[in-house]
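As structure tokens, the structure follows; a few thoughts come after it.
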Amino acid sequence: MITFNNVSKTFQDGFKALTDISFEVKEGELLVLIGPSGSGKTTTMRMINRLIEPTGGTITIEGKDISKEDPVKLRRTIGYVIQQIGLLPHMTIKENVSLVPRLLKWNKEKYVEKVDELMKMVGLDPSTFGDRYPTELSGGQQQRIGVIRALAADPKIILMDEPFSALDPISREQLQDELVRLQQEIHKTIVFVTHDMDEALKIADRICIMKDGEVVQIDRPENIIRRPANEFVRSFIGEDRLQDNEGLSLPSLKKLIVPPVTGYRTRGLAESLKLMRRRRVDSLLVVDNKDTFLGIATVWEVQRRYKEEELTLADVMDTDVLRLHINDSGETAFQHVNNSKYGFVPVLDEQNKVLGIVTRASLVEHVVDQIIE
Ligand code: ADP
Ligand code: MG
């Protein structure tokens, strides 16, 4: 669909921004260009709609050399979304979205219908938002308009240069999700620039990693994670996003310990319930005043016997519980946690003092952390 053949760019000041890059964007794919700031992503992208001209090599779209096309006409067939939105402040939302269709002299009925359809696609009711001005919308809403404006004239290609970078994290996630959903309906050829690997992994069909004006690796996200081309890619995707599976191991017990919530053996049941609610736990490790582990009291048991006002934690605790000692292996911890009726196991020192607990969550977290990130 779009092909870069040995493309280079040396700017007028002599700065060589791109050296000999070759790659292809396939029809209907979302290709993410990613790399550190200054690696040449924007330059690469802006050559596709001829806002920047290469100084070497050729770029073709559907086999045609774009340097031989009229740049203005070319641009009208390519949607372009940038970070600073670029909505025209004196035009209403509907006028902004219909800008290119009107330049292309579509008849009114056709573009009015298109604007309505697109606004609905991104969850903005045309009758509510259509006649507002850009400043009357939130940042996320404005950026949605920026995206659908680029889609309005039904271009085959859409270029998006860090379109969500200025948004707060929640709006940003929402727009990423919407873009993925939208793309499933519209199947455009999209080139998307970002410097955020999580964003790339979330939305990309393929990722093209750039560094110092060169393409370092281009592949599906899965392959990039599994087989980074070199150290640069490895560190760029985050050192430990994937380690060799055989290297997956249980850590020493010490690394799995998380702080416990303990209650003295003489604590009353009402106070104990309050403590559990405050700390958001469903059980307490019952200890004596030397912090020696005695048993586990669950919220269910405390509740069941709540009416017996004279009872304390020592009366309702379960003493028949699995426990770990600090020198036990990660393996043992794993087994005990799996076999525990509570989903966690207390870890004790030589004097049976409580050091912490190992939970299912801490094991899962550790294993997942080892595989990804
Ligand atoms: P990215 O989008 O990856 O951050 P750019 O493509 O914007 O990077 O820029 C790549 C390099 O080219 C940068 O070092 C930038 O300073 C340089 N550059 C960009 N535009 C010009 C220009 N008009 N003249 C000289 N150097 C430029
Ligand atoms: Mg840029």
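Computed from the coordinates by the stated procedures, all read-outs in this text should not be read as laboratory data. Values in this document were obtained by computation on a predicted structure and should not be read as measured data. FYI the Cβ positions are ideal-geometry reconstructions off the backbone, even for glycines, and counts take in every protein chain you see.
Using amide H atoms built 1.01 Å from N in the peptide plane, name the residues 5+ places from Tyr80, or on other chains, whose amide H lies under 5 Å from its own.
Residues meeting the amide H criterion: Leu159.
In sequence order, what are the phi-derived ³J(HN,Hα) couplings for the range 11-17 according to the Karplus relation 6.51 cos²θ - 1.76 cosθ + 1.60 with θ = phi - 60°, rounded to whole Hz, with x for glycine and proline?
6, 4, 6, x, 6, 8, 7
Per residue of the range 337-345, what does 6.51 cos²θ - 1.76 cosθ + 1.60 with θ = phi - 60° give for ³J(HN,Hα)? Whole Hz please, x for Gly and Pro, Karplus curve as stated.
4, 5, 8, 6, 6, 9, x, 8, 9
Checking the cross-link filter: which aspartates and glutamates have an alpha carbon closer than 14 Å to that of Lys353, excluding same-chain neighbours under 8 positions apart?
Cross-link targets: Asp288, Asp291.
What residues have an amide H closer than 5 Å to that of Ile357, excluding those fewer than 5 places away on the same chain, when H is modeled at 1.01 Å from N in the peptide plane?
Under 5 Å from the amide H of Ile357 lie the amide H atoms of Val258, Val347, each far enough along the sequence or on another chain.
List the GluC sites (Glu not before Pro) within the range 15-65 that fall in a DSSP loop (any state other than H, G, I, E or B) and whose Cβ has at most 16 other Cβ atoms within 10 Å.
Glu27, Glu62
At Glu113 and Ala361, where each label point lies 7 Å from the Cα along Cα→Cβ, what is the point-to-point distance in nanometres?
Spacing of the two 7 Å Cα→Cβ label points: 5.3 nm.
Of the listed pairs Lys105/Lys202; Lys105/Lys211; Lys64/Lys94; Lys9/Lys110; Lys108/Lys156; Lys41/Lys255, which have alpha-carbon separations greater than 32 Å here?
Those over the limit are Lys105/Lys202; Lys105/Lys211; Lys64/Lys94; Lys9/Lys110; Lys41/Lys255.
Pick out, in residue order, every one of the trypsin sites (Lys or Arg not before Pro) in the range 278-373 that is DSSP loop and has at most 14 other C-beta atoms within 10 Å; say none if there are none.
Arg280, Lys290, Arg305, Lys307, Lys341
Exposed loop sites here are chymotrypsin sites (Phe, Trp or Tyr not before Pro) in DSSP loop states with at most 16 other C-beta atoms within 10 Å. What is the longest stretch of the chain lacking them?
16-305
Take the Cα atoms of the chain, find their three principal axes, and give me the spread along each one in whole Å, biggest first.
87, 51, 34
Kindly provide the helix-only [θ] at 222 nm of the chain, computed as the sum of -39,500 (n - 2.57) over DSSP H runs of four or more divided by all residues, to the nearest 500 deg cm²/dmol?
Value at 222 nm, helices only, nearest 500: -10000 deg cm²/dmol.
Once amide H atoms are placed 1.01 Å from N in the peptide plane, what residues at a sequence separation of 5 or more from Gln217, or on another chain, have their amide H within under 5 Å of its amide H?
Ile209
What shape does the range 1-56 have by the C-alpha gyration tensor, where a ≥ b ≥ c are the square roots of the eigenvalues, rounded means a/c under 1.5, and otherwise prolate means a/b greater than b/c and oblate the rest?
prolate
Would you mind ranking Lys254, Lys108 by Cβ crowding within 10 Å, fewest neighbours first?
Arranged by neighbour count, lowest to highest, Lys254, Lys108 become Lys108, Lys254.
Compute the angle between helix 169-186 and the longest alpha-carbon principal axis of the chain, please, reported from 0 to 90 degrees and rounded to the nearest 10.
Helix 169-186 sits roughly 60 degrees off the main axis of the chain.
What's the angle, to the nearest 10 degrees (0 to 90), between helix 139-151's Cα axis and the longest principal axis of the chain?
Its long axis makes an angle of about 40 degrees.
In degrees, nearest 10, range 0 to 90: what is the angle between the Cα axis of helix 360-371 and the longest Cα principal axis of the chain?
40 degrees
With θ set to phi - 60° and the Karplus curve 6.51 cos²θ - 1.76 cosθ + 1.60, what are the ³J(HN,Hα) couplings of the range 38-44 in order, to the nearest whole Hz, using x for Gly and Pro?
These are the phi-based 3J(HN,Hα) values: x, 7, x, 5, 5, 4, 4 Hz.
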